[in-house]
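For reference, the structure discussed in these notes is given below.
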Amino acid sequence: MSKIFIVMGKSATGKDTIFKQLINNQQLQLKSVIGYTTRPIRKGETNGVEYFFVNEDKLKEWISLNKVIEHRAYQTMHGIWNYFTLDDGQIDLNQSNYLFIATPQAYEQIRDYFGEDKVIPIYIEAEDATRLERALKREKKQDNPKYAELCRRYLADEQDFSEENLIKLKIWKRYFNENMEECLNEIVTDIKEMLN
């Protein structure tokens, strides 16, 4: 049976970079999954590339059919925006192994849907000072930096990734990302072992 690997970590731990490196690693042959959202499509986005853009009625229908693997809802200034993963045939554990970036909440739902033996957490850590430096550097590059949002995310991460939550989710293994190459090599080695 194949596996679903879930990359998680606080903001600015290097999740996106690690995800891209793992997806592009030909030895691993991991597949990604396109998620769904009820938020409006943004300029430059393509339906079926970044997300599948659907309305709330469609989401309600899929929930009633037990087709929603994981679901998160966020209250925004424009109403509630839903993000979710659908059991739509993209995931076939008889054929492939998969890689997601997810929140602890999404990880728990995916694990509960597919089973603990098939869903493997890849939890990325970095020193708080390193994370703040990375986040600040990244935010400074934006046309309109949102420093308050940076601080809000930092504080929210402290709660979402509290030691209590990690223990509750049975996330024991930690990948420390102070040196990207070393961290990535350790993850690749572990994934290869789990797939053999």
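The values are calculated or read from the model by the stated rules, or taken from the named source; none is laboratory data. As the structure is a prediction and not an experimental result, all values here were calculated from the model. Cβ placement follows ideal geometry from the backbone for every residue including glycine, while neighbour counts extend to all protein chains displayed.
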Original post:
Here is a list of conditions, (1) touching a strand residue (DSSP E or B) at 6+ places or on another chain (Cβ under 7 Å); (2) of a type in the set (Asp, Glu); (3) in the same structural domain as Asn177 (by TED's automatic domain parsing), and Glu133 meets all of them except one; can you say which number that is?
Top reply: (1)
Subject >> Counted residues, segment 163-175 - those being of a type outside the set (A, V, I, L, M), within 12 Å of Gly9 (Cα to Cα) and either over 17 Å from the mean Cα position of the chain (by Cα) or part of a helix (DSSP H, G or I) (or both) >> reply: 0
**OP:** Working only within segment 7-29, note down all residues that are under 29 Å from Tyr147 (Cβ atoms) and of a type in the set (A, V, I, L, M).
**Re:** Val7, Met8, Ala12, Ile18
Original post:
If you check Tyr154 against the conditions, is it among the aromatic types (Phe, Trp, Tyr), at negative phi and in contact with a Phe, Trp or Tyr (Cβ under 9 Å, 6 or more places away or on another chain)?
Top reply: no
Original post:
Regarding Leu99, is this residue in contact with a strand residue (DSSP E or B) (Cβ under 6 Å, 6 or more places away or on another chain), in contact (Cβ under 8 Å) with a residue 12 or more places away in the chain, crowded, with 21+ Cβ neighbours inside 10 Å and over 20 Å from Lys15 (Cβ atoms)?
Top reply: no
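With the structure loaded, tell me whether Tyr123 is of a type in the set (Ser, Thr, Tyr) and either touching a residue at least 40 places away in the same chain (Cβ under 8 Å) or surrounded by 17 or more Cβ atoms within 10 Å (Cβ to Cβ) (or both) or whether it fails that test.
yes
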Subject >> Top-ranked residue in segment 136-171 [being surrounded by 11 or more Cβ atoms within 10 Å (Cβ to Cβ) and basic (Lys, Arg); ranked as nearest to Gln105 (Cα to Cα)] >> reply: Lys168
**OP:** Sort out which residues of segment 50-66 are closer than 25 Å to Lys3 by Cβ and surrounded by fewer than 14 Cβ atoms within 10 Å (Cβ to Cβ), and write them in order of number.
**Re:** Asn66
**OP:** Identify the single condition in (1) closer than 15 Å to Ala12 by Cα; (2) in contact (Cβ under 8 Å) with a residue 60 or more places away in the chain that Ile110 does not satisfy, given that it satisfies every other one.
**Re:** (1)
**OP:** Out of Glu158, Glu133, Glu182, Glu108, report the one residue that is closer than 19 Å to Gly35 by Cβ and in a helix (DSSP H, G or I).
**Re:** Glu108
